[in-house]
Amino acid sequence: MRSDILAVLASSLSLATAHTYIWGVFVNGVDQGTFRGIRTPAYNGPPPRGYANSPVKDLDSIDMRCNVLGDKQVPHTIQVQPGDNLTLDWHHDNRSASDDIIDYSHHGPAMVYLSPDPPADNSFVKIWEKGLYETSDKPYGAGKWATTSDIKANKGLMHVRIPAGLKAGFYLLRAELVGLHEADASYLKNSRRGIQFYPNCVQLEVVGDGEVALPTDGVSFPGAYKYEDPGIVYDVYCSTESKATRTAPCTTTYPIPGPTVWSGAWAETTAVSVGPVLEGSTSATRWSSWISKSVVTSATFVGTSPYITATSTYTASWSTEYSAPAPTMA
Ligand SMILES: [Cu+2]
């Protein structure tokens, strides 16, 4: 086979492999329903292959904001109050205890941002982050990371708290996992490698009489991360012993990309125990539109598949006005 066809096939195969994304949100330990309120990324056609999360690697792509189809509202918004504990339930293939959550190789930090919905310039404020929290004592060891050690070990659960006194209104919670396993090269120089972002957004309505507004000097997506920022090109398999032979930055501390965590966010996030996954909610409204080619991925499926029959190009169009979605369930 010609090498260009092989390359396309290879990228299609990696696209078809699902990556972790948010399947549910618990509010104070209570499940809000599978996929409800979540702008689930969709790449690979209608269900069962509709939902997928391929990495966003182009830092200037609109998909950095809320992933592919992140501009599309979903027909439910999760109501929360300031101080509520949110637990995001990340899964790879299914929402069950046996799911592997994330591939063991995808070491990296995890972050959560909050923005009014719809987002504006510099409206995303970081409210939580975790990166490398234990270095490896072995040569070329990756150490312990938020993605592969913490969240994976905790069955996909990522805890974050709604800031105290936060003003009522509609918000987008932007959570992301970051894979550094190919971040030793810059995507700018080698588009087959580079840091991998897995952003996923949740629609929130904050209720109550809080008076704290989010600061307006946050960051924008795209725009928050630059190729030259610390932590974007980084050798995750480094150790003090291997430093001499590696070219990418190799340090025993990892500089998490983006701004510092907002002072109005909770300094500590305690793990809340979560209740059962809501029964009867696993067939939430799914996307009827689909794409196999987005603004970020240039891969086009050329093989045969029962799920992918054509190529479609999708361009995000973000509204500047929030229209409250009609709830689908009482
Ligand atoms: Cu991957």
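The values are calculated or read from the model by the stated rules, or taken from the named source; none is laboratory data. Treat the numbers as computed from the prediction; the structure is a model and nothing was measured. Glycine also receives a Cβ, built like all others from the backbone with ideal geometry; neighbour counts cover every protein chain displayed. With ligands, DNA and RNA removed, areas are computed over all heavy atoms of the protein, side chains included. Shrake-Rupley method; radii C 1.70, N 1.55, O 1.52, S 1.80 Å.
Remarks
- Residue-wise HN-Hα coupling along the range 107-114, computed from phi with Karplus coefficients 6.51, -1.76, 1.60 (Hz; x: Gly, Pro): 5, x, x, 9, 9, 9, 10, 10
- Loop-located trypsin sites (Lys or Arg not before Pro) across the range 129-223 with a Cβ neighbour count of 10 or fewer within 10 Å are Lys189, with loop assigned by DSSP.
- Length gained when the stretch Thr251-Tyr133 is fully extended (0.36 nm per residue, less Cα-Cα span): 41.2 nm
- Looking at the range 21-245, the accessible area is 35 square angstrom per residue; that uses a 1.4 Å probe and ignores ligands, DNA and RNA.
- When the convex hull of its Cα atoms is viewed from all sides, the range 62-128 shows a mean projected area of 6.5 nm².
- Listed cross-link partners Lys130/Lys152; Lys57/Lys155; Lys72/Lys152; Lys130/Lys155; Lys57/Lys189 are compared with a 19 Å cut-off, the Cα-Cα value being larger for Lys57/Lys155; Lys72/Lys152.
- Length-normalised contact order of the range 21-245 in % [C-alpha pairs under 8 Å, at least 6 apart]: 26
- Relative intensity, log₁₀ I(q)/I(0), of the range 21-245 from a Debye sum that treats every alpha carbon as a point, q = 0.07, 0.09, 0.11, 0.14 Å⁻¹: -0.22, -0.36, -0.54, -0.88
- Sorting the segments 118-128, 32-42, 218-228 by their residues' average number of neighbouring beta-carbon atoms within 10 angstrom, most packed first, yields 32-42, 118-128, 218-228.
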